[in-house]
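Student: I have a structure here, written as structure tokens, and I will follow up with some questions on it.
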Amino acid sequence: EDFAARVNGNRVAGAGTTLNIREIVIGRCWDYQRVTGMNQGRPLIEVICGTTAWPAFVNAFAFQNPCNVREDAFRSFTNIMTVSLPRNGTIFWSGTKNLAKMYSELSGGTMFSLETTFVGYTVNDLTWCGTPLGAGINYASCPSFDDPSCPSQASTVFWGSASKLFARQARGSVSVLLNGSDSRGAFRNNSVFSTVELPNLDSSLVDFVNIIVVHDLDGQIVDTCDSGTILILKDRIIKRGMKWTCEDDPKLAKLIQCTEKPDYHRCNLAS
Ligand code: C8R
């Protein structure tokens, strides 16, 4: 019902801000510093979650029009939450969010997707938006993430800023996991990976972009290492002065896909 709700005339709205978001953000922030991030071997400067991280986060969007969040609104939050990452340890993705998260989790603290860094972990999968009215946070409905009439909404601005910082931090070789079964193409020219991350790699400090193209177990083959939009990506990497490698459906990706469909005929461990 929330999903079909309409605000401001014809703007289609999605679900509202995640209930208890304050407790969730503060809890995850401490969890990452005391448990989850520690397990990944990350040295952290201590961030006081309730008095430093939460205010920086909420002040970026509370009491504001949900569609006019300033480009730099999350600067203080992303700066506070940015920690160092290992060389050769960056994973980008487009259309393969869960796969990238699994890759990162299985790497034992050597590879990070943005969702497994301190800042990404703290707010991943949450919904949040402001309103000029009342308590300043709208728990009833937020704009739909793909609403073209609402491009500068809080989550879009946040993931844009966090992705930019994340890409700027990368050193050595980076990996990108792309979906070769996506009918829009694996490398889309309007994706965050294409518009924010690739342009913000420091090409004097990043030598290789290792492309991994993954196809759905049952899915169509749209792009491969040798076809479609991957050719455009290779060209962009070369033009930026870096080198590429490319692999279609590496074994680890297939193993991860098969954990969700162990009985699928192509997941037979004996074959
Ligand atoms: N990144 C971008 N968007 C992210 C994100 C993230 O880490 N995490 C979440 N939850 N989101 P897509 P893309 C949300 O089209 O555009 C970084 C945002 O609402 O499959 O290329 C990350 O480092 C966003 O609209 O991929 C990664 O490398 C969609 O999910 C790219 O950017 C992104 O959906 C992925 O962004």
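Student: Within segment 105-128, how many residues are within 12 Å of the ligand (Cβ to nearest atom), touching a strand residue (DSSP E or B) at 6+ places or on another chain (Cβ under 9 Å) and touching a residue at least 24 places away in the same chain (Cβ under 8 Å)?
Tutor: Number of matching residues: 6.
Student: Among the residues of segment 132-147 satisfying the criterion of being assigned to a strand (DSSP E or B) and of a type in the set (A, V, I, L, M, F, W, C), which is surrounded by the most Cβ atoms within 10 Å (Cβ to Cβ)?
Tutor: Cys142
Residues are listed down the side, and each one gets a yes or a no for (1) in a loop (DSSP other than H, G, I, E, B); (2) more than 18 Å from the chain's Cα centre (by Cα); (3) crowded, with 18+ Cβ neighbours inside 10 Å:
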site: Ile45; (1), (2), (3): yes, yes, no
site: Phe57; (1), (2), (3): no, no, yes
site: Ala60; (1), (2), (3): yes, yes, yes
site: Glu71; (1), (2), (3): yes, no, no
site: Thr82; (1), (2), (3): yes, no, no
site: Phe92; (1), (2), (3): no, no, yes
site: Ser104; (1), (2), (3): no, no, yes
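Student: May I pose another question? Taking only pairs six or more apart or across chains, which ones have beta-carbon atoms under 9 Å, a first residue in segment 178-202 that is open to solvent by less than 20 Å² (accessible area, probe 1.4 Å) and more than 8 Å from the ligand (Cβ to nearest atom), and a second residue that is among the charged types (D, E, K, R) and assigned to a helix (DSSP H, G or I)?
Tutor: Every condition considered, the pairs that remain are Phe187/Arg236; Leu198/Arg236; Leu201/Arg168.
Student: When you go through Thr122, Thr127 one by one, which is the residue that is part of a helix (DSSP H, G or I) and in contact with a helix residue (DSSP H, G or I) (Cβ under 8 Å, 6 or more places away or on another chain)?
Tutor: Within the list Thr122, Thr127, the selection yields Thr122.
Student: Determine which member of the set Ile211, Ile237, Ile232 is touching a Leu at 6+ places or on another chain (Cβ under 7 Å), at pLDDT 95 or above and surrounded by 12 or more Cβ atoms within 10 Å (Cβ to Cβ).
Tutor: That would be Ile211, the only listed residue that is touching a Leu at 6+ places or on another chain (Cβ under 7 Å), at pLDDT 95 or above and surrounded by 12 or more Cβ atoms within 10 Å (Cβ to Cβ).
Student: Now for a separate question. Can you run down the residue pairs with Cβ atoms below 7 Å, 6 or more apart or on separate chains, where the first is in segment 87-102 and closer than 13 Å to Lys254 by Cα and the partner is surrounded by fewer than 24 Cβ atoms within 10 Å (Cβ to Cβ)?
Tutor: That search, which allows pairs on different chains as well, returns Leu99/Ala253; Leu99/Ile256; Met102/Ile256.
Student: Still on this structure, please answer the following. Taking Asp218 and the conditions (1) modelled with pLDDT of 95 or more; (2) surrounded by fewer than 20 Cβ atoms within 10 Å (Cβ to Cβ), which numbered condition does it fall short on, given that it satisfies the others?
Tutor: Among (1) modelled with pLDDT of 95 or more; (2) surrounded by fewer than 20 Cβ atoms within 10 Å (Cβ to Cβ), the lone unmet condition for Asp218 is (1).
Student: Same structure, new question: Against the definition (surrounded by 15 or more Cβ atoms within 10 Å (Cβ to Cβ), within 12 Å of the ligand (Cβ to nearest atom) and not in a helix (DSSP H, G or I)), how does Ser155 come out, yes or no?
Tutor: no
Student: Right, another one. Checking Ala162 against (1) closer than 30 Å to Pro66 by Cβ; (2) among the small types (Gly, Ala, Ser); (3) without any contact (Cβ under 8 Å) to a residue 24 or more places away in the chain: exactly one of these is not met. Which one?
Tutor: The failed condition is (3).
Student: Within segment 88-104, which residues are of a type in the set (S, T, N, Q) and within 9 Å of the ligand (Cβ to nearest atom)?
Tutor: Across segment 88-104, the qualifying residues are Thr90, Ser94, Thr96.
Student: Sticking with this one: Working only within segment 158-174, note down all residues that are near the ligand (Cβ under 10 Å from one of its atoms) and in a strand (DSSP E or B).
Tutor: Val174
Student: Go over the candidates Ala53, Ala13 one by one and state the one that is surrounded by 14 or more Cβ atoms within 10 Å (Cβ to Cβ) and at pLDDT below 95.
Tutor: The match here is Ala13.
The values are calculated or read from the model by the stated rules, or taken from the named source; none is laboratory data. Model, not experiment: these values are computed from the prediction. Cβ coordinates were reconstructed from backbone atoms using ideal geometry, including for glycine residues, and neighbour counts include every protein chain displayed. The area values use the complete protein model at the heavy-atom level, side chains included, leaving out ligands, DNA and RNA. Shrake-Rupley method; radii C 1.70, N 1.55, O 1.52, S 1.80 Å.
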